[in-house]
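K.L.:
Could you have a look at this structure, given as structure tokens, before my questions?
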Amino acid sequence: MDRKRIKSWMASLLLMVCSQVVLTACSAHDYTAESDSVKAIADKVWAFSQGHPDGFTLDIRTMTEPTEGIAVSYAATQNSHSRNQLDRVVGHALQHDGYVGGWYNGEDGLYYFDSTRLFPESSLGTAIAFGKENGQHSVFILSFYTDVPLDGKVAEIEERGIIRFGTTGDYRPLSFCEADGTYWGFGIEVAKEIAARMGVGIAFVKTSWPTLTADVLADPQMFDLAIGGITITDARRETMLMSDGYLANGKTILCRASEAGRFKSLADIDQPDVRVMVNPGGLNEKFARENLTHAEIVVHEKNEEIPTLVAEGHADVMITEITEAPYYVQHDARLAAPLLSEPFTHGEIGVLMRQGQDDLLQLVNAIIGQMKADGTLDRLHEQYF
């Protein structure tokens, strides 16, 4: 048989296969007469793609974009680009999952398409495994609108099945560790949400304020990221990565309720007869030493003990945060936070991690954004503050 006849025979065979695929799909999904061929569907996908150069995932059975799930491309349709190769992608999608993904490559001026499989967002590990089997570089989480590299930190955590959070466990109500090893707090709940939305288990590793930076940068890693009352600062961002903020914060004071009228400003605190107690190594001590040059600064190792020591008269003032002060005022009538509505600084609390984990940072930021949008952070704020 000569080459022309072979080509003609193969084209006829391909047309028969594609026609059979479409007939089967139409029977199952009740396609209209207008879309009852691979070419007609491909024409619609092509038209849709022209308005979505940044990329899309499309359910070609309904011509709608799913808003949730993890999209992973099949190896069988790799390097299919422009309209002339889109029929093959559509035919494969109809035989399999019914999804087509596409994106415009500005470097070569071509639009690339793939037959795509969609996984539940609770199955990130399974999606990553499928991506590796199909020679992909990343998977795409639709609700987060983010790529997850298959050779990055997120993939490592997925393979391990556990995400490890470093936390001090001494900072009510953001992160506290009970005597039995149980952790609770606003930051702990945020950590649990991150783990749940990644679909992995969770473990907490004890760190401390004086050793926090060293522990984040330790090699081998002690934990994947740190959480619980960690303020976002430029200094931390110089050597580490910090997420978007998930809770507003600022410096304030705790004092005895009987002396609440005594402290109306920072100047009232910066007096030789005022004893200011702080925990070591963190931003509270740093703030006190930079701003209180006349007061007596007393360093106490255990942050969670300082409010009681102030209430008992061992110190006059505790430098703390607007996130921490209300908890102790509520639980100890001897204490007051007279400057709570006028914090000395303004900032946000975020998640801390080492440099080089950009994929994890992107995913954590996406989850924080989702928690803001769906009301989870508001609910936690009502619960803890």
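The values are calculated or read from the model by the stated rules, or taken from the named source; none is laboratory data. All figures in this text were calculated on a predicted structure; none of them were measured in a lab. No Cβ is skipped: glycine too gets one built from the backbone with ideal geometry, and neighbour counts run over all protein chains shown. Just the protein is used for accessible areas: all its heavy atoms, side chains included, with ligands, DNA and RNA removed. Shrake-Rupley method; radii C 1.70, N 1.55, O 1.52, S 1.80 Å.
K.L.:
Which percent of the accessible heavy-atom area of the chain goes to carbon and sulfur, probe 1.4 angstrom?
P.N.:
Details: 9190 of 18150 Å².
That fraction is 51 percent.
K.L.:
Would you please calculate the Kirkwood hydrodynamic radius of the range 240-284 over all C-alpha pairs and express it in Å, rounded to one decimal? Write down the numbers at each step before the final one.
P.N.:
Values: mean 1/r = 0.0745 Å⁻¹.
By the Kirkwood definition, the hydrodynamic radius is 13.4 Å.
K.L.:
Also: Which Cα, out of F113, P338, L292, lies furthest along the positive dipole direction of the chain (beta carbon charges, K/R +1, D/E -1)?
P.N.:
F113
K.L.:
Apply the a/c threshold of 1.5 to the C-alpha gyration tensor of the range 81-140 and tell me whether it is rounded, prolate or oblate.
P.N.:
Values: a/c = 2.51, a/b = 1.48, b/c = 1.70.
Since a/c reaches 1.5 but b/c is at least a/b, the shape of the range 81-140 is classed as oblate.
K.L.:
Could you tell me the relative contact order of the range 67-200? Use alpha-carbon pairs under 8 Å, at least six residues apart, and round to a whole percent. Can you show the working numbers first?
P.N.:
On the way: 212 pairs, mean separation 31.3, N = 134.
Over the range 67-200, the number comes to 23 percent.
K.L.:
What's the magnitude of the charge dipole for the chain around its Cα centre, counting Lys and Arg as +1 and Asp and Glu as -1 at the beta-carbon? Answer in Debye, nearest 20. Show your work: numbers first, answer last.
P.N.:
Values: 32 positive and 54 negative charges, 240 e Å.
Value, rounded to 20: 1160 debye.
K.L.:
Can you list the equivalent-ellipsoid semi-axes of the range 147-259, largest first and in whole Å, using the square root of 5 times each Cα gyration tensor eigenvalue? Numbers along the way, then the final one.
P.N.:
On the way: eigenvalues 144, 58, 38 Å².
After scaling each eigenvalue by five and taking roots: 27, 17, 14 Å.
K.L.:
Going by the alpha-carbon gyration tensor, a ≥ b ≥ c the square roots of its eigenvalues, is the range 261-310 rounded (a/c under 1.5) or, if a/c is not under 1.5, prolate (a/b greater than b/c) versus oblate? Before the final figure, lay out each step's value.
P.N.:
Numbers: a/c = 2.04, a/b = 1.38, b/c = 1.47.
Since a/c reaches 1.5 but b/c is at least a/b, the shape of the range 261-310 is classed as oblate.
K.L.:
Oh, and also: Probe radius 1.4 Å, ligands and nucleic acids left out: which of T146, T213, T233 has the largest accessible area, and how do the rest follow?
P.N.:
Numbers: T146 5, T213 60, T233 35 Å².
Descending accessible area places them as T213, T233, T146.
K.L.:
A follow-up question, please. Say each of H381 and Q355 gets a label point 7 Å from the Cα, pointing the same way as Cα to Cβ; how far apart are those two points in nm?
P.N.:
3.3
K.L.:
To continue, here is another question. Let me see the P(r) profile for the range 328-370: every Cα-Cα distance counted, bins of 5 Å, each bin given as a percent of all pairs.
P.N.:
Taking every Cα pair in the range 328-370, the percentages come to 5, 15, 15, 13, 11, 11, 13, 12, 5, 1.
K.L.:
Sorted by accessible area (1.4 Å probe), largest first, how do S341, S123 line up?
P.N.:
Values: S341 105, S123 30 Å².
The ordering from most to least exposed comes out as S341, S123.
K.L.:
Quick check of the Kirkwood formula: for the chain, what is the inverse mean of 1/r over all pairs of different Cα atoms, in Å?
P.N.:
Working: mean 1/r = 0.0411 Å⁻¹.
Kirkwood hydrodynamic radius for the chain: 24.4 Å.
K.L.:
Sticking with this structure for a sec: How large is the convex hull of the Cα atoms of the range 56-182 per residue, expressed in Å³ as a whole number?
P.N.:
Values: hull volume 18.8 nm³, N = 127.
With only Cα atoms used, the range 56-182 gives 148 Å³ per residue.
K.L.:
Another question about this same structure. What value, in deg cm²/dmol to 500, does the helix sum -39500 (n - 2.57) over DSSP H runs of n ≥ 4 give at 222 nm once divided by the residues of the chain? Before the final figure, lay out the partial values.
P.N.:
Working: 14 runs with 143 residues, N = 385.
Helix-only estimate at 222 nm: -11000 deg cm²/dmol.
K.L.:
For the range 302-355, what is the charge dipole size about the Cα centre, in debye to the nearest 20, if Lys and Arg each add +1 at the Cβ and Asp and Glu each add -1 at the Cβ?
P.N.:
Values: 3 positive and 9 negative charges, 29 e Å.
Roughly 140 debye, rounded to the nearest 20.
K.L.:
With a 1.4 Å probe and all protein chains kept in place, how much accessible area does M222 have, in Å² rounded to the nearest 10?
P.N.:
70
K.L.:
How much accessible area per residue does the chain have, in Å², with a 1.4 Å probe? List each step's numbers first, then the result.
P.N.:
Working: 18150 Å² over 385 residues.
That works out to 47 Å² for each residue.
K.L.:
Let me ask another. Find the Cα radius of gyration of the range 182-224, compare it with 2.2 N^0.38 Å by division, and give the number to two decimals. All intermediate terms of the calculation are to be shown ahead of the outcome.
P.N.:
Numbers: Rg = 11.7 Å, N = 43, 2.2 N^0.38 = 9.2 Å.
Expressed relative to 2.2 N^0.38 Å, the Cα Rg reads 1.28.
K.L.:
Given the protein chains as shown and a 1.4 Å probe, how many square angstrom of V299 are accessible, to the nearest 10?
P.N.:
About 60 Å², ignoring ligands and nucleic acids.
K.L.:
Provide the gained length on full extension for the span A214 to R160, in nm with one decimal, where the gain is 0.36 nm per separating residue minus the Cα-Cα distance. Mind dumping the intermediate values first?
P.N.:
Numbers: separation 54, 0.36 × 54 = 19.44 nm, distance 2.34 nm.
Fully extending the segment from A214 to R160 adds 17.1 nm.
K.L.:
Please compute the contact order of the chain in relative form: average sequence separation of alpha-carbon pairs under 8 Å and at least six residues apart, divided by the residue count, as a percent. Walk me through the numbers before you get to the answer.
P.N.:
Numbers: 694 pairs, mean separation 56.4, N = 385.
Reported as a whole number, the value is 15 percent.
K.L.:
Evaluate the relative contact order of the range 119-266 (contact order divided by residue number), counting alpha-carbon pairs under 8 angstrom at least 6 apart; express in whole percent. Can you show the working numbers first?
P.N.:
Values: 167 pairs, mean separation 30.5, N = 148.
Once normalised by length, the contact order is 21 percent.
K.L.:
Just by accessible area at a 1.4 angstrom probe, what is the order of T182, T57 from largest to smallest? Let's see the in-between values first.
P.N.:
On the way: T182 70, T57 15 Å².
Highest to lowest solvent-accessible surface, that is T182, T57.
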